[in-house]
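Below is one structure, written out as structure tokens; the observations come after it.
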Amino acid sequence: MPESLHRSYLYAPGSRPEVMEKALRAGADAVIFDLEDAVAPADKSTAREAVAALLRRTGPRSPCPLQVRVNRDPEGISVRDVEAVVGPALSAIRIPKAVSAEELEDLSERLTVLERAAGLEAGVVALAPIIESAGGVAAAAQLAAAPRVTRLSFGATDFLADIASPGDPAGPATLVARGQLVLASRVAGIGAPVDSVHTRLDDEVGLRASALAARELGFFGKSVIHPRQIPTVHEVFTPSAAELERARRIIGRGTGDPGASALDGELVDPAVVARARAVLALASDAEP
């Protein structure tokens, strides 16, 4: 069952407790405490402890869903990270550089043991694989169908590095990969994929353009690296009042006639009605 379609996922470095505390009140639909790229190698252990402590203090009373992006050890997903963060406050674990469904299956089994030890119902912690390589794109269908996976995420910068492309993260070099994630998610019956971060903080125009392009491709929601990016992302991924009104009118017209009809000069056939239902579903499923 797909999770609620969050519009924004705010990253907060695990090595900065004060930033993590502020992130909880920043207005994002979900917050990601980052133990991976945002943390220097020398600070990994202290960051893990800080994230675990904040999750314990927050408990189930968090103002928004909390996720943790864990590290990769030479052996694979960091067991120490996973064991440290499982508890009532954790909604999902983000898996960087995901390429293996078998790895996710093994992690799911380990999570079941950890959930029961923490007094939680088995299966409450979701998995959110991040697709950051050609291998990850090639395995997208298997990753989307793996246990506990509710949504895929895209890491455009790392993907471009993997394919040795000098292109822009929102440019044509990522279109095929993004399309694969959309199709894989749809076939697996999980939520629409989450778009990559926009790394330029003072570029509201570029942020809006990349978010709009992602939504048109079939993504829903975007990871962000600063609270100032949240309002733009929410605006793009929230169906407007005009969109909702037109969708309701289309459904009203389309359900009254099994054949095609017209509304404001546009043909209303079953496909148009289906798209209108999808708009209303987004408005219903998206976090307020």
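The values are calculated or read from the model by the stated rules, or taken from the named source; none is laboratory data. In this text, all values refer to a predicted model and were calculated from it rather than measured experimentally. Glycine gets a Cβ as well: all are built from the backbone with ideal geometry, and neighbour counts include every protein chain shown.
Observations on the model:
- Answer residue from the stretch 166-198, given it is at pLDDT 95 or above and part of a loop (DSSP other than H, G, I, E, B) and is farthest from Glu132 (Cα to Cα) among those: His198
- Condition met for Asp203 (at pLDDT 95 or above, over 30 Å from Gly135 (Cα atoms) and not small (Gly, Ala, Ser)): yes
- Of the residues making up the stretch 207-234, those that are closer than 15 Å to Leu5 by Cβ and among the charged types (D, E, K, R) are Arg215, Lys222.
- Scanning the stretch 173-211 for residues that are of a type in the set (Lys, Arg), over 14 Å from the mean Cα position of the chain (by Cα) and under 17 Å from Leu160 (Cβ atoms) returns a single hit, Arg200.
- Residue within the stretch 124-141 that is acidic (Asp, Glu) and closer than 21 Å to Ala209 by Cβ present: no
- Failed item, numbered, when Ser4 is tested on (1) buried (at least 23 other Cβ atoms within 10 Å of the Cβ); (2) at pLDDT below 95; (3) of a type in the set (Ser, Thr, Tyr): (1)
- Some residue of the stretch 110-119 being among the polar types (S, T, N, Q), on the phi < 0 side of the Ramachandran plot and touching a helix residue (DSSP H, G or I) at 6+ places or on another chain (Cβ under 6 Å): no
- Any pair with Cβ under 6 angstrom, 6 or more apart, that starts in the stretch 211-237 at a residue that is closer than 21 Å to Arg94 by Cβ and ends at one that is at pLDDT 95 or above and acidic (Asp, Glu): Ala214/Asp195; Phe219/Asp195; Lys222/Asp195
- Residue in the stretch 85-106 that is assigned by TED's automatic domain parsing to the domain that holds Arg208, touching an Asp or Glu at 6+ places or on another chain (Cβ under 8 Å), surrounded by fewer than 16 Cβ atoms within 10 Å (Cβ to Cβ) and not acidic (Asp, Glu) present: no
- Residues located in the stretch 161-179, provided they are buried (at least 20 other Cβ atoms within 10 Å of the Cβ) and within 20 Å of Lys97 (Cβ to Cβ): Pro169, Thr174, Ala177, Arg178
- Members of the stretch 57-70 found to be surrounded by 13 or more Cβ atoms within 10 Å (Cβ to Cβ) and of a type in the set (Lys, Arg), listed by number: Arg69
- Number of the condition not met by Ala286 [criteria: (1) hydrophobic (A, V, I, L, M, F, W, C); (2) over 30 Å from Ile32 (Cα atoms); (3) surrounded by 13 or more Cβ atoms within 10 Å (Cβ to Cβ); (4) at pLDDT below 65]: (2)
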